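A short worksheet on the structure shown next.
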Amino acid sequence: MLSVVLLGTGNVANHLFHAFSKSKDIAVLQVYGRNSEAIKDFKPEVSKTSSIAKIAEADMYILAVSDSSITEVSKTLRDKMGIVVHTSGSVPMDALKSRQRGVFYPLQTFTRGNEVHFREIPICIEAESEENLLLLETLGKSISNQVYSISSAQRKKLHLCAVLVNNYPNHLYHMAHEICAENKIPFHLLFPLILETVNKIRHLSPKEAQTGPARRNDIVTMQQHISQLQDPLQQKIYQLLSESIKALYEKEL
């Protein structure tokens, strides 16, 4: 059984804690958090501390902290024999200043209170030795069916892609939600369309799946849409996205 100390009290730390708690192969020995109030959210039976000096000995230390804190927190663990890993998508492995280091990056968006199915979440791992890579693979497979060895350079690009497919579409959902609310239209009318858009790219490339006025170069419809947007920034977003789509298909129009 792998012994783990979890450092952090945010969304990622909370979700990892609950996933590990369901695994028979992982023992979460302790949770560390600088915020003494936030650390109270974890189960009472797990050991908790707000003192770096009181961190327990374990096989692995998982840093689920902010990207800017990774290096400094890892420095405090230099005397630990276990492998120290971070969970960031954009921070390279060598940002860790510990004896043994690695990466354990769950590729998913996490919101507190919103349950996720860890078995379906890809986990990207990286380590400096084959032994530690196998250790991370064991940890990953204890909670997920998808574990991949990904380098820091690959993960940096992967994180960029994750932002493109998650954060930006979600902002567009917000824009549409506001327009629906202002016009007393139920936002849930768009759910089947959103789901079908995602389902299509399971068997078609995004380029093949593209539809809409920009894809057809339907100038009249696009101008009508822009005129309905009152916010100049939203108009610019619509125009830029339309131009990008048109440029991709200009040889076919």
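Numerical summary
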item	result
All positions within segment 33-72 that are open to solvent by less than 20 Å² (accessible area, probe 1.4 Å) and in contact (Cβ under 8 Å) with a residue 60 or more places away in the chain	Met60
Candidates Glu196, Glu182, Glu131 - the one that is more than 27 Å from Leu240 (Cα to Cα), over 18 Å from the mean Cα position of the chain (by Cα) and modelled with pLDDT of 95 or more	Glu131
Search result, residues across segment 26-42 that are in contact with a helix residue (DSSP H, G or I) (Cβ under 7 Å, 6 or more places away or on another chain) and assigned to a loop (DSSP other than H, G, I, E, B)	Gly33, Phe42
The listed residue being β-branched (Val, Ile, Thr) and exposed (fewer than 14 other Cβ atoms within 10 Å of the Cβ), out of Thr197, Thr211	Thr211
Any chance Val85 is more than 20 Å from Cys124 (Cβ to Cβ) and open to solvent by less than 10 Å² (accessible area, probe 1.4 Å)	no
Test result for Leu134, in contact (Cβ under 8 Å) with a residue 60 or more places away in the chain, farther than 18 Å from Gly10 by Cβ and either charged (D, E, K, R) or not in a loop (DSSP other than H, G, I, E, B) (or both)	no
Check on Ser69, hydroxyl-bearing (Ser, Thr, Tyr) and modelled with pLDDT of 90 or more	yes
Residue list for segment 80-97, filter: under 13 Å from Tyr61 (Cβ atoms) and in contact with a helix residue (DSSP H, G or I) (Cβ under 6 Å, 6 or more places away or on another chain)	Ile83, Val84, His86, Thr87, Leu96, Lys97
Test result for Ile219, β-branched (Val, Ile, Thr) and surrounded by 13 or more Cβ atoms within 10 Å (Cβ to Cβ)	no
Boolean, Leu77 is crowded, with 19+ Cβ neighbours inside 10 Å, aliphatic (A, V, I, L, M) and part of a loop (DSSP other than H, G, I, E, B)	yes
Residues satisfying the stated conditions in segment 30-44, i.e. within 17 Å of Leu16 (Cβ to Cβ) and either in contact with a Gly (Cβ under 6 Å, 6 or more places away or on another chain) or among the charged types (D, E, K, R) (or both)	Ile39, Asp41, Lys43
Of all residues in segment 97-148 being closer than 28 Å to Tyr168 by Cβ and small (Gly, Ala, Ser), the one that is most open to solvent (accessible area, probe 1.4 Å)	Gly113
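The values are calculated or read from the model by the stated rules, or taken from the named source; none is laboratory data. Note that the structure is predicted; figures quoted are calculated from it, not measured. With ideal geometry, Cβ positions are generated from the backbone for all residues, glycine too; neighbour counts draw on all protein chains shown. Side chains are part of the model used for accessible areas, which takes the heavy atoms of the whole protein and leaves out ligands, DNA and RNA. Shrake-Rupley method; radii C 1.70, N 1.55, O 1.52, S 1.80 Å.
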